[in-house]
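First comes the structure, then the notes that go with it.
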Amino acid sequence: MHSSCSDGALAPSDVMARAAYHGATVVALTDHDQLAGLDEARAAAQALGMRFVNGVEISVTWRAITLHIVGLNFDTQSPELVNGLQVMAQGRAQRAQKIADQLAQAGVEGMFEAALVHAGGRVDLLSRTHFARELVARKKATSVRSVFQDYLVAGKPGYVSHEWCSLAQAVGWITGAGGVAVFAHPGRCIHAHEGDELELLHEFVALGGRAIEVVTGSHSKNQYKKYTQIAQDFGLFASRGSDFHSSNESKMEAGKVPELPHGLIGVESLFG
Ligand code: AMP
Ligand code: MN
């Protein structure tokens with residue numbers, strides 16, 4: 001789940017309240033490249049009687065593909081992790097300026113300042129989602145999801161290719177901080193050949209990755225089956241996530257996620 005400490009619309013404590021309302025018992029806040037919401041989320045989750053797991057979703061560039069690696073149950077004070085994420089945040093700020101410049105060239109002016117308002121003034125967490133919300137507000141698109149068909153993606157205005165950290169860095173920072181690295185929504189990252197996906201999975205496991213997200217709003221039923229088989233073939237623990245950003249932008253509600261398919265072992269079983 002995401003909070004306003006990255007590109008979610010709600011404060012960390014409000015996200016936890018929604019998850020508790022929907023009956024969640026074990027939860028993680030997984031803001032993009034940010035740890036700032038964890039203390040507030042942990043306090044709220046525990047007050048609501050839920051088990052809270054530290055989380056983060058790290059953006060990775062692998063062979064020109066962007067993918068997301070979730071870290072769970074790590075030490076939030078780990079210097080390598082904290083410093084690595086700080087560099088990522090600087091990259092976000094620079095990318096946002098380039099996105100705004102591109103949009104201005106396409107005739108959509110003043111987007112840096114406008115997106116920044118959606119990000120609560122925090123230049124270091126500026127996401128495409130903040131640009132998307134402003135494009136919806138300006139009636140350039142009817143929904144955040146439809147923005148990603150006409151803007152901010154390859155070949156469309158506002159697209160900037162960006163170098164995030166490497167897979168080895170993301171997995172290394174997480175495992176070095178005592179956490180578990182999870183390959184997030186794999187079905188959304190790979191548009192290339194199946195062979196690439198298998199190589200990526202082998203590389204992830206060789207680097208110390210231990211889990212894969214099987215159930216998520218961005219997977220189809222067929223993908224549930226596919227990644228169940230992959231989890232079993234690669235000996236990976238399984239996770240399920242709503243990828244909640246806000247109630248009108250996300251396919252799943254916070255804390256309201258289907259059960260894992262039979263035959264999988266939930267990643268939370270690693271946390272004692
Ligand atoms: P960023 O990390 O700034 O590039 O933004 C990535 C975020 O944009 C994702 O986590 C999603 O929340 C959102 N996003 C990307 N693609 C889509 C899409 N096709 N539909 C809706 N949201 C998207
Ligand atoms: Mn993601």
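The values are calculated or read from the model by the stated rules, or taken from the named source; none is laboratory data. What you see is a predicted model, and the numbers here were worked out from it, not measured in a lab. So basically every Cβ, Gly included, is an ideal-geometry build from the backbone, and we count neighbours across all protein chains shown.
Table: residues versus (1) exposed (fewer than 14 other Cβ atoms within 10 Å of the Cβ); (2) β-branched (V, I, T); (3) out of contact with any Leu (no Cβ under 6 Å at 6 or more places or on another chain).
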| residue | (1), (2), (3) |
| --- | --- |
| A132 | no, no, yes |
| V144 | no, yes, yes |
| V147 | no, yes, no |
| D150 | yes, no, yes |
| E163 | yes, no, yes |
| A168 | no, no, no |
| I174 | no, yes, yes |
| H185 | no, no, yes |
| E194 | yes, no, yes |
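The set of residues from the range 11-31 being under 26 Å from A93 (Cα atoms) and either surrounded by 21 or more Cβ atoms within 10 Å (Cβ to Cβ) or touching a Cys at 6+ places or on another chain (Cβ under 9 Å) (or both) comprises A11, P12, V15, A28, L29, T30, D31.
Of all the criteria given as (1) within 14 Å of ligand 1 (Cβ to nearest atom); (2) at pLDDT 95 or above, the one not satisfied by A154 is (2).
Residues that are among the acidic types (D, E) and without any contact (Cβ under 8 Å) to a residue 60 or more places away in the chain within the range 1-26 comprise just one, D14.
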